[in-house]
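One structure is given here, and the rest of the page talks about it.
The values are calculated or read from the model by the stated rules, or taken from the named source; none is laboratory data. Values in this document were obtained by computation on a predicted structure and should not be read as measured data. Ideal geometry is used to build each Cβ from the backbone, glycine not excepted, and the neighbour counts take in all protein chains shown.
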Amino acid sequence: MFLSLAYKEWLKTRWIILIAAVVGIVSALTIFLNLGAISEFNDANAVWNYVIFKKYLFYGDFIYIPVLIGLALGISQFYPEVNSLRLKLTLHLPLKENRLLFYMIGYGTIIILALELFFAILLAIVTAHFYPSEIVVSEIKTILPWLFAGFVAYFFVAAAMVDPLWIRRAVLVLFGYATTSYYLFADGYENYNHSLQWFLLIAVLEFSLIFLSGFRFKRGGR
Amino acid sequence: MEYVVEVNNLTHYYGKKKVYENLNFKIKKGSVFGLLGKNGTGKTTTINILNGFLKPKSGECLIFGEDSYKLSPETKARVGFLIEGHIQYSFMNIIQIEKFYSQFYPRWKKEPYFELMSKLKVLPNQPLSKMSCGQRSQVALGLLLAQDPDLLILDDYSMGLDAGYRRLFLDYLAEYAKSEEKTIFITSHIIQDLEGFLEDCVILDYSGVVLTMPIKEFKRDFKQYRFESAKDLSFEKDEIVENFEQIKNMVTIYSFKSKETVEKYLKDKNINFGNLEEVPMDLEDAFVGITGKY
């Protein structure tokens, strides 16, 4: 059953996934070329000074990519469902409604996880080409909240789209915006190390938002 | 008697606006049941409650003995559901959508689906979003037939369809219902198409339930009488008069009573009338007669 539902979700989201993968590759390539240029035109001391002492985030442009992917995936997955109330077709399938929603949101979570893993590996490879492993590890720790933000944005947009009432949708969007913003500060390396577990916990808890919206949809908000 | 659907004292409000109170009907196994009413009288509300997409304020709605709001997956598999406007997954093509649905239903029969699809002039890779409303209706119908449900719930199958597609839709449904003792629950705003198809019906009006009875009885017993009167008349709905209208000096009364009874009724009220006659009606005339034109 999960594979059948995943097939439907794949048909809706395949172009977004492809575009996201291309954006990730282009972004990694841009960082690679920038670092190449910096290394080419500066001596080693200057590069070290920029990266370590001036805390120049050479991968800072990557910050919004996970969020944009979460938003795009959520919209591409759930807009066709709520448009003309097609979600009724999905929820009428012979499975428990919560299980159906779990499979749908589970599909999106797996896709975001896969894309972000792919991006993180690309960034690590690019960084490892120019810097020692300590910088790579630091980079991964720094971008972790940004990666979590992709999930947060996805969970909020999915819940907002499934909710039957516009007022609740607006509230979910506002909360989603505020919550996601907390994950997206870029003022240095590893500034969130002390609270990574809390960021992760909040992101995981937001997985359940769609079940509340699904309950309200089924109960008949419109 | 085995009932597939049982609606008991169903009451629903949107805020303070009453949709209906104490709606009651039962649908026998193997019957074709129509829920008729003008726009805004609660047909889609009832369909939503039947499918578990709306919790009623009070009362109960049972499908195969289960509360419709909490249907088990096994019961959902026995219910085919057509959304108003033949809505389906428009991002899929006819091959993809069959492949998708077939994995969910143990009794899936792909032959009737592909038989219908072979008659459509669509490309295998053409998404549903690029099909006409009539073509989409055939896809939706084919999927319902392939699912092989015991109960079909069809919310305004006629919406957006021309006469040919409407006829085609009903012909397939009639064949399906007849051959396998399936139960059909249908709503439509085009009443004349359903003549000869429905067995039982509920008629809704803005005030609630107007009538619950077998179609044959309704058509046999519900009468339209016309007479001439020089005065402007007014009738309250009572045990004789179900509805009335007057255009200039021509008065029409709708009633379940015989011509003699109506004649006596008019005389008892000291109404001067002439040329009282019974006017034959088809189902649509009868529907308009009992619900009114406005």
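Annotation: residue B:47 fulfils all but one of (1) in a loop (DSSP other than H, G, I, E, B); (2) surrounded by 18 or more Cβ atoms within 10 Å (Cβ to Cβ); (3) not basic (Lys, Arg); the unmet one is (1). Residues in segment A:55-67: is at least one free of Cβ contacts under 8 Å to residues at least 24 places away in the same chain, away from chain B (no Cβ under 11 Å), over 24 Å from residue A:3 (Cβ atoms) and surrounded by fewer than 19 Cβ atoms within 10 Å (Cβ to Cβ)? The answer is yes; a qualifying residue exists. In segment B:178-188, is there at least one residue being surrounded by fewer than 16 Cβ atoms within 10 Å (Cβ to Cβ), among the small types (Gly, Ala, Ser), assigned by TED's automatic domain parsing to the domain that holds residue B:41 and part of a helix (DSSP H, G or I)? Within segment B:178-188, one or more residues are surrounded by fewer than 16 Cβ atoms within 10 Å (Cβ to Cβ), among the small types (Gly, Ala, Ser), assigned by TED's automatic domain parsing to the domain that holds residue B:41 and part of a helix (DSSP H, G or I).
So which residues in segment B:98-120 are part of a helix (DSSP H, G or I) and at the interface with chain A (Cβ under 9 Å from one of its Cβ atoms), if there are any at all? Selection gives B:99, B:100, B:101, B:102. Of the residues in segment B:48-55, at least one is more than 9 Å from chain A (Cβ to nearest Cβ) and more than 30 Å from residue B:119 (Cα to Cα). Restricting attention to segment A:151-195, the residues that are surrounded by fewer than 24 Cβ atoms within 10 Å (Cβ to Cβ) and not in a helix (DSSP H, G or I) total 12. Please work out if residue A:16 is within 14 Å of another protein chain (Cβ to nearest Cβ) and of a type outside the set (S, T, N, Q). So residue A:16 fits the description; yes. The residues on offer are B:88, B:126, and the sole one that is within 20 Å of residue A:8 (Cβ to Cβ) and over 28 Å from the mean Cα position of the chain (by Cα) is B:126. I'd like to know if segment B:82-93 contains one or more residues that are farther than 23 Å from residue B:124 by Cα, of a type in the set (A, V, I, L, M), touching a strand residue (DSSP E or B) at 6+ places or on another chain (Cβ under 6 Å) and facing chain A (nearest Cβ under 9 Å). Checked segment B:82-93: no residue is farther than 23 Å from residue B:124 by Cα, of a type in the set (A, V, I, L, M), touching a strand residue (DSSP E or B) at 6+ places or on another chain (Cβ under 6 Å) and facing chain A (nearest Cβ under 9 Å). Residue count for segment B:1-27 under the criterion of being exposed (fewer than 15 other Cβ atoms within 10 Å of the Cβ) and either more than 18 Å from residue B:206 (Cβ to Cβ) or in contact with a strand residue (DSSP E or B) (Cβ under 7 Å, 6 or more places away or on another chain) (or both): the result is 7.
Here is a check on your reading of the model: is residue A:220 within 14 Å of chain B (Cβ to nearest Cβ) and not β-branched (Val, Ile, Thr)? Taking the combined requirement at face value, the residue satisfies it.
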